[in-house]
Amino acid sequence: MIHPKALSIVSEVRKAVVGKDPVICKVLMAILAQGHILLEDNPGVGKTTLALAFSKAMDLAYNRIQFTPEVMPADVVGFSVYSRVTGKFEYRPGAALCNLLLADEINRTSAKTQSALLEVMEEGQATVDGVAHLLPRPYTVIATQNPVGSAGTQLLPESQLDRFMIRISIGYPALENEVRILKQARGARAVDSVRPVVSLNEVTALQEEVESVHVAEELFVYIARLVAATREHPLIRLGASPRAGTALLRISRASAWMNGRDYLIPADVRALFHNVLEHRIVPEPQVKLDGLSVTDLLAEVLQSVPAPKP
C-alpha cells in the first residue's frame with residue numbers, strides 16, 4: 001500500500017502527466033532520497049511538465065534554465081557585482097539557487113557550463129569568487145537530455161552522469177492517454193491545476209523518515225555485491241562507483257517508505273537497480289557487435305548475485 005503522503009503528491013502530479021505513474025513514483029523516490037534525476041527522452045513527451053508539476057505539488061521554489069552553447073557558468077551559479085552604495089561586491093544568485101532546478105537539454109551546452117553543476121549537485125553549495133553560498137533545502141536537480149545524436153548534443157562526462165541518482169525515460173503515451181492529452185489541450189494548461197499538498201518543512205521531514213528506514217546487514221552486503229559485480233563483468237569496461245551503491249541504497253529506502261514499510265527488502269533494490277546503474281556503466285566496444293546492451297549486461301549482473309532470503 002502506497003504511503004498516504006506519497007499518494008497525495010502522485011495524485012497531484014498525475015493531473016499534468018497522464019498515464020506515467022511508474023515514472024512519477026520513481027521521480028518522487030529520488031526527491032525523497034535527496035538525489036538528482038536525469039530524464040532522457042525525445043522532445044515533447046512532458047519532461048518539463050513533469051518537473052513543473054512536482055515543484056507545484058511539493059511547494060518547491062522552481063527555476064528553469066534552458067541550456068544552449070551560449071549559456072555561461074555564471075548563469076548557473078551566479079556572479080558578483082560591484083555596488084557603488086556599499087563599495088563592495090554583492091552576490092547575484094544564479095538559476096541553481098532554488099529548491100528544484102530544471103536543467104533543460106543539459107547536453108546542448110558546453111562542458112565548462114555543465115561542470116558548474118558538479119559542485120551544486122554534490123556539495124550543496126555554489127562557490128563564486130571564493131565564497132561558498134549554501135543552497136536551500138530540500139534541493140533537487142532534474143536535468144533533461146535529448147538522445148545522443150540529436151542536433152547540437154554531446155555526451156555528458158562520466159563524472160557528471162555519476163551525480164545523477166537515476167536516469168529515466170518517459171516515453172510516448174499509450175493511445176488512450178494521448179487522447180486525454182489532446183482533450184486537455186483545449187483549455188488552460190493541465191499543470192496549472194496542480195496544487196501544493198505538502199510544505200517545504202514536510203518535504204524535509206519526509207526525507208528524514210526515508211533516511212530512518214531500517215536496512216538489515218545482509219542487504220548492505222547484497223547492494224555491495226551487486227555494485228562489485230559490475231566491475232567484474234568481462235563485458236563492462238567501467239563498472240559502478242561507490243557513489244552508485246550509496247545512491248541505490250538511498251532510493252531503495254525511499255521505495256520501501258513509499259510502499260508503507262519502515263524496512264528494506266530485496267525487491268526494493270531490484271526494482272530500481274537498472275535506473276540507478278545504467279547511465280553509470282561503460283560497456284566494452286564488442287557489446288554492440290554482439291547485439292547486446294547495457295540493460296542486458298545489468299540483467300546478467302542482477303541474476304548472478306543471489307538475493308538474501310527473507
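Points to keep in mind about this one:
- Close Lys-Lys pairs in the chain, where close means Cα under 25 Å and separation is 8 or more or interchain: 18
- Close amide H pairs (under 5 Å, H built 1.01 Å from N) link ILE166 with HIS36, LEU38, residues at least 5 positions away or on another chain.
- Hydrodynamic radius by Kirkwood, which averages 1/r over all alpha carbon pairs of the chain, in angstrom: 20.6
- Most to least accessible of HIS279, HIS133 (protein chains only, probe 1.4 Å): HIS133, HIS279
- Computed over segment 22-115, Kirkwood Rh from alpha-carbon pairs, angstrom: 15.0
- Separation of alpha-carbon centers, segment 60-107 and segment 184-240, rounded to whole Å: 27
- The listed residues LEU155, LEU135, LEU97, once ranked by accessible area (1.4 Å probe) with the largest placed first, stand as LEU155, LEU97, LEU135.
- Cα point-scatterer Debye curve for segment 216-310, base-10 log of I(q)/I(0) at q = 0.13, 0.17, 0.25 Å⁻¹: -0.42, -0.69, -1.31
- With DNA, RNA and ligands ignored, accessible area of ASP21 (1.4 Å probe; Å², nearest 10): 50
- The simple spin-label model puts a point 7 Å past each Cα toward its Cβ; for ARG237 and LEU134 those points are separated by 4.2 nm.
- Spin-label proximity, GLN286 to segment 220-239 - amide N less than 13 Å from point 7 Å beyond Cα toward beta carbon: 234-237
- Per residue, the convex hull volume that the Cα atoms of segment 92-169 enclose (Å³): 101
- In a DSSP loop and with at most 13 other Cβ atoms within 10 Å, the trypsin sites (Lys or Arg not before Pro) in segment 1-109 are ARG84, LYS88.
- Remark: accessible surface ordering of PHE220, PHE54 (largest first) is PHE220, PHE54, probe radius 1.4 Å.
- Listed peptides 109-120, 280-291 by packing density, highest first (mean Cβ within 10 Å): 109-120, 280-291
- Sites VAL85 and ALA61, calculated FRET efficiency, Cβ-Cβ separation with R0 22 Å, nearest 0.05: 0.20
- Considered as an equivalent ellipsoid built on the Cα gyration tensor, segment 12-75 has semi-axes of 22, 15, 12 Å, the largest given first.
- 37 °C / 0.692 mPa s Stokes-Einstein diffusion coefficient of segment 47-189, Kirkwood radius on C-alpha pairs, µm²/s: 194
The values are calculated or read from the model by the stated rules, or taken from the named source; none is laboratory data. Bear in mind the structure is a predicted one, so any value in this text is a computation, not a measurement. Virtual Cβ from ideal backbone geometry, glycine too; neighbours counted across all protein chains shown. With ligands, DNA and RNA removed, areas are computed over all heavy atoms of the protein, side chains included. Shrake-Rupley method; radii C 1.70, N 1.55, O 1.52, S 1.80 Å.
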